[in-house]
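Working notes for the structure below.
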Amino acid sequence: MSTAGTADSIDPLAALRAPGDPEHDVYLTGTVFLDIIFTGLDHAPVRGTETWARGMGSSPGGIANMATALARLGLHTTLAAAFGADVYGDYCWESLAGGEGIDLSHSRRLPGWHSPVTVSMAYDGERTMVTHEHPAPPPATHTAPPPSRACVTAFEPGRQEDWVRQAHTQGSRIFADVGWDDSGRWDLAALPDLGYAHAFLPNAAEAQRYTRTDTPEQAVRALADLVPIAVVTRGAEGAVAIDSLTGESAEVPGLPVAALDPTGAGDVFVAGFMTGTLAGWPLAERLAFANLTAALSVQHFGGSLAAPGWAEVAAWWALTSQAADDGAACGELAHRYGFLNELIPAGVREWPRLRALPTIGFRGA
């Protein structure tokens, strides 16, 4: 296992890159929202009253959460999405392309279309959201996705995506999670793109309903008969996985953290697991890394704002390994994450990293 990078970046695929490889590591498509997050609320908003928030941030949301999480971990990420030609669209475009280095050459600007907006209110470890969206006009032409090492998507019952099939045919590995089935049928046959999945990563509630099982462990075994790599996430309790391609199975417990906002944690987990899988790490390390990145994200507010990069991973590892050296009760944790020594250059503790501006109000300042 090896990486290459400078003081503000690590390329986890450096050892694998060769002439003729796809330009992009990951391709994804979906809707970008402008997220406005209010924090520091003492309680849920009450009808007929004015509620004051002690903090506020704004950032690109929706599919931008996943794109940002991937880019911050060093994967060459390209996003195909519609952006309004309004101030909100300008802000999201500039944040993703300039602040995060995400390739938007497959995205488009739509004059006259209002950018989707979500207002999120975080309190007591939960969130309440209000969204305004006009569906984007369909593109004039439909093009195949660009060549990439991998793609990421979310399955929906009864929906088939032509681009997923096309990407799979081109050799891209498909990583997918799934949303809640509002119909209540929970029928795996209703997920027509499941057969294209390289890795399927539902949460425990979803996995158990789809497989008619009682535990995450039973669910992941059932899913492993259907997809090459099955992962079932258990929130604060960690995750379990089976890689039928390598014959590995793994389980990692949750990391004890003070969770502030779960927004985007699932996206960050998938991004962390994809990073390790594309880099060829052992399953236990992939799962532990995904668990760590998700745990780091829930300690901050917002979706893409909270996605950790290597700076946050390096800082966490420095504290954890130091605590283990001092004889604190971190020995088991340090052993599980010892592989980070090879990923993070020696001597690095905290790296500065350019982030998207925390509020649209400072745009252009």
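The values are calculated or read from the model by the stated rules, or taken from the named source; none is laboratory data. Keep in mind the model is a prediction, meaning the values are calculated, not measured. Every residue, glycine as well, gets a Cβ built from its backbone with ideal geometry; the counts of neighbours run over all protein chains shown. Surface accessibility is based on the protein's heavy atoms, side chains included, excluding ligands, DNA and RNA. Shrake-Rupley method; radii C 1.70, N 1.55, O 1.52, S 1.80 Å.
Worth pointing out:
- Radius 11 Å from Cβ of Ala81, net charge of other residues (Lys, Arg +1; Asp, Glu -1): +2
- Centroid-to-centroid separation of region 168-183 and region 243-257 [C-alpha atoms, Å]: 20
- Taking all protein chains into account, the per residue accessible area for region 1-136 stands at 46 Å² (1.4 Å probe).
- Share of carbon and sulfur in the accessible heavy-atom surface of region 18-308 [1.4 Å probe, %]: 52
- Region 1-108: GluC sites (Glu not before Pro) falling in loop per DSSP and having at most 10 other Cβ within 10 Å: Glu50
- Exposed chymotrypsin sites (Phe, Trp or Tyr not before Pro) absent - longest run of the chain, DSSP non-H/G/I/E/B, at most 14 other C-beta within 10 Å: 181-365
- Charge tally in the Cβ shell below 12 Å around Arg336, where Lys, Arg are +1 and Asp, Glu are -1, Arg336 excluded: -3
- Mean Kyte hydropathy of 1.0 or more with a Cα span along the axis of at least 15 Å, helices from DSSP in the chain: 265-279
- All other residues whose Cβ lies under 15 angstrom from that of Ala290 are scored, Lys and Arg at +1 and Asp and Glu at -1, for a net of -4.
- Remark: spin-label model distance His114-Arg17 equals 4.3 nm, labels positioned 7 Å along the Cα→Cβ axis.
- Within region 18-308, DSSP assigns beta bridges of which about 45% are antiparallel (rounded to the nearest 5).
- Here the ratio of the Cα radius of gyration of the chain to 2.2 N^0.38 Å is 0.97.
- Mean silhouette area of region 153-293, derived from the convex hull of its C-alpha atoms and averaged over all directions, reads 8.3 nm².
- With both residues required to sit in region 80-155, DSSP beta bridges show an antiparallel share near 70%.
- Leu319 versus Thr49: modelled label distance in nm, points set 7 Å from Cα along the beta carbon direction: 3.4
- Solvent-accessible area per residue for region 211-266 (1.4 angstrom probe, square angstrom): 48
- Fraction of beta bridges assigned by DSSP in region 21-152 that are antiparallel (%, nearest 5): 50
- Probing with 1.4 Å while keeping every protein chain in the model, the per residue accessible area of region 273-325 equals 25 Å².
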